[in-house]
Amino acid sequence: MNLLLAEDDAILADALCEQMRASGFSVEHAPNGAVAQYLLAKQQFDVVVLDLGLPMVGGIEVLRQLRQTDASLPVLILTALDSLEDRVAGLNAGADDYLTKPFDFPELEARLRALLRRSRALKASTELGQLSMQRETRSAQVRGEMLELSPREFDLLDLLLTHQGRVITKEQINQAWSGDRNGAGAGAAHPANGADSGAATNAVEVYIHRLRRKLEGSQVAIRTVRGLGYLLELERA
């Protein structure tokens, strides 16, 4: 479970990182809003704990910008701001939960696990057009017919569906593949140098081409956004 902790109080952040790691979370710490934005753009997280009073870029602005690109990532606001207006502003900006300081760690952990359960339930099955995907069984169908997908093709489709309507870069695709526990598959490459980077780019293009053919008749298309990456969208009538 990858968690981003955006908290500028160094003592509190150190204590929370230690407790969360002991509870099974993999934690990245952002001491200000600018670092939080950078990490959110570069890495994939399962849940975010966000302080509102962050330096450089405030927590509300971090949240608003996150919601422009990711509507589903669970976010819990953890802040000393406890007025009704603050809570309403945080929830209206896109937070999923709101906890005020001081707090007890067992309550924070319980709230985070509740957010993760809801998030997983929503992500367990996804439908778009004539395409349906079940993540628990790592299977997908078009018009009820099972698609034959390699582990790498499934991970690519999962990434595109999760970010449907938003551009996914080749770097994000390779990052998702780097955590593949089901086998690297043909054409796998990790960009350690220039040659490897080119091989990784070619591998992405090969798998995009294969997936496009398998999605024919699904009313779903993978569009190339030149110079940026790919996005999954419903075909235009």
Exercise for the section: Filter segment 165-178 down to residues that are under 12 Å from the mean Cα position of the chain (by Cα) and polar (S, T, N, Q) and give me whichever is least open to solvent (accessible area, probe 1.4 Å). Expected result: 172
Exercise for the section: Would you mind finding the one in 40, 73, 16, 12 that is under 27 Å from residue 174 (Cα atoms), aliphatic (A, V, I, L, M) and assigned to a helix (DSSP H, G or I)? Expected result: 40
Exercise for the section: Determine whether residue 7 is open to solvent by 60 Å² or more (accessible area, probe 1.4 Å) and at negative phi. Expected result: no
Exercise for the section: Please work out if residue 117 is part of a helix (DSSP H, G or I), closer than 23 Å to residue 2 by Cα, among the basic types (Lys, Arg) and open to solvent by less than 70 Å² (accessible area, probe 1.4 Å). Expected result: no
Practice task
For segment 38-66, name all the residues that are open to solvent by 50 Å² or more (accessible area, probe 1.4 Å), under 17 Å from the mean Cα position of the chain (by Cα) and more than 19 Å from residue 176 (Cβ to Cβ).
Solution key: 64, 65
Exercise for the section: Please tell me if residue 111 is assigned to a helix (DSSP H, G or I) and either crowded, with 20+ Cβ neighbours inside 10 Å or touching a residue at least 60 places away in the same chain (Cβ under 8 Å) (or both). Expected result: yes
Practice task
Sort through 211, 231, 161, 157 and tell me the only one that's at pLDDT 95 or above and either buried (at least 18 other Cβ atoms within 10 Å of the Cβ) or not in a helix (DSSP H, G or I) (or both).
Solution key: 211
Handout entry: Criterion (surrounded by 18 or more Cβ atoms within 10 Å (Cβ to Cβ) and at pLDDT below 95) met by exactly one of 86, 96
Key = 96
Practice task
Could you please let me know if residue 31 is touching a Ser or Thr at 6+ places or on another chain (Cβ under 6 Å) and buried (at least 17 other Cβ atoms within 10 Å of the Cβ)?
Solution key: no
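The values are calculated or read from the model by the stated rules, or taken from the named source; none is laboratory data. Since this is a predicted model, take the numbers as computed values, not measurements. FYI the Cβ positions are ideal-geometry reconstructions off the backbone, even for glycines, and counts take in every protein chain you see. Just so you know, the surface numbers come from the protein's heavy atoms only, side chains and all, with ligands and any DNA or RNA stripped out. Shrake-Rupley method; radii C 1.70, N 1.55, O 1.52, S 1.80 Å.
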